Structures are given as C-alpha cells and as structure tokens.
1. Can you name every residue in segment 174-222 that is in contact with a Ser or Thr (Cβ under 9 Å, 6 or more places away or on another chain), under 20 Å from K133 (Cβ atoms) and crowded, with 19+ Cβ neighbours inside 10 Å?
2. Taking segment 107-139 on its own, how many of its residues are aliphatic (A, V, I, L, M), in a helix (DSSP H, G or I) and either touching a residue at least 40 places away in the same chain (Cβ under 8 Å) or surrounded by fewer than 22 Cβ atoms within 10 Å (Cβ to Cβ) (or both)?
Amino acid sequence: MKCKLCLQEKNLIKAHIIPDFMHSGLYDEQHKLYKVPMSFDKITSKKISTGEYDTNILCAECDNKISDYETYFSKVMYGGSLLGMKKYKDNDGLIFTEIINLDYTKTRLFFLSLLWRASITTRPNFFDVKLTKFSEDKIRDMIFNEDPGEPFEYGCSLITFIDHSNIESGIIASPRRNIHNSQFIFMIHGFYYTFYIDNHIPDAVKKHILDKGGKMDILHVPEFKAKQLLNDFLGANIF
C-alpha cells in the first residue's frame, strides 16, 4: 500500500494517531485506558488496550520521522527537560504557564502531525476532523520536508484544567470541529489542543501561540470555565 506521507508503495505499520505518552497517567496496571466515545444522545465508556492507531497510513520510515517529534515533545512537555517554565497572571486575571526554549521546528511539526493524522485516518473516533485536500496536502508537504511554516499557519493553542483535582482530567473524547470548520479541538488528558484553520486566530490568542523564538503559553482555565468547556465538549451536563 502507499504511505500517505512519503507517497511510496511500502509495507505499512501500526501507527498511532495520538501517541501513547499523551495518555500518561491514564493507564491502569494492564495498560488499558478509558475513553469516552461520542454520540448525540448518550455518553458511554469502555476500556481499550492502547491509544488510537491506524494500519493504513504510514510506513516504518515515515512513522519514525514523526516519532522523533513525539519523543522531543514528550520529553520537554511531560518530562520538563531543559525548559524554562513560569506561571503568570495577565491584566485580565487569567493564569498562564509560559514555556521558553522550545524547539520551534520540532514542536510545530509535532502539532501538525497530530492534526494531519487525525484528518487522514478513517478511524471512527476522528470522524469530525476532516481538512480540505489542499490543507492535507500542504501539511503533508510540511511534515515530509521538515518545514514548520509560520506560527499562525494551522496554529495550535493550549489550555488546561489539570489544576482542579475535583474535575476528571482522564477523559479522552473524539476531537471536535466548530460550526464554521475553522477550529479543531482535541481533548487529551486535561488539555485542550485547538487548531486554527485558514489563520482564523483571535487576536487575544495569537500572542500565546508558539512563536519562532520557542515561547508558548498554556492557559489555566478557572474551575467554572473548565466545567463549562467539558460539558459543551461532551454534549452533556456531567460536571
């Protein structure tokens, strides 16, 4: 079969859509995790053996290319390696974690690889993430050529509610798009990754997105806002 990254006829492998490390803390002793499949009328949960994967998208070489970006991101964001981090409050009273010294290219390509894989897979949990062919091809070229592009080109912002111990952070739900298809939102282990399509990024968000100097902010939402976001995302009043 043809690899969707290098476009060569090769043997394809079991490639993760969402890498295992992003589920850190969610696994039980049998390496199974809980996810919440989405439906319009109810929410159910079940155990799955590992993160989402697809056997029809990547060859081993291309998977290894993406794995390099995953390894970097896992170390700096989940391991805190060689980074500067500090919390601050802005003039509106919002709390952020400022991260500096990120590798712009590796971090950007990691974000882009998440969005791209979610769009090209046929796995049902990613049914709502569908880029145009133009965007899929453009992001594919960026990943293949190791070109991170500009900060606001399919930019990604991060918010988190992991500060609130009485709110369940171990929920993994199918990614969602907004009504105008200009944003795709991934909720993974207490973090929201919001991808902005066609440079439709609010001005208030732009200054917090990863810049070429390696700085990025993560917004810590207050508890009431976290509950509202979760209920809206899951389509039910759970919190």
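FYI, it's all coordinate maths here, none of it is from the lab. Worth saying up front: this structure is predicted, and the values here are computed from it rather than measured. We place every Cβ from the backbone using ideal geometry, glycine too, and count neighbours over all the protein chains shown.
1. Matches in segment 174-222: F184, F195, Y196, I197.
2. 6
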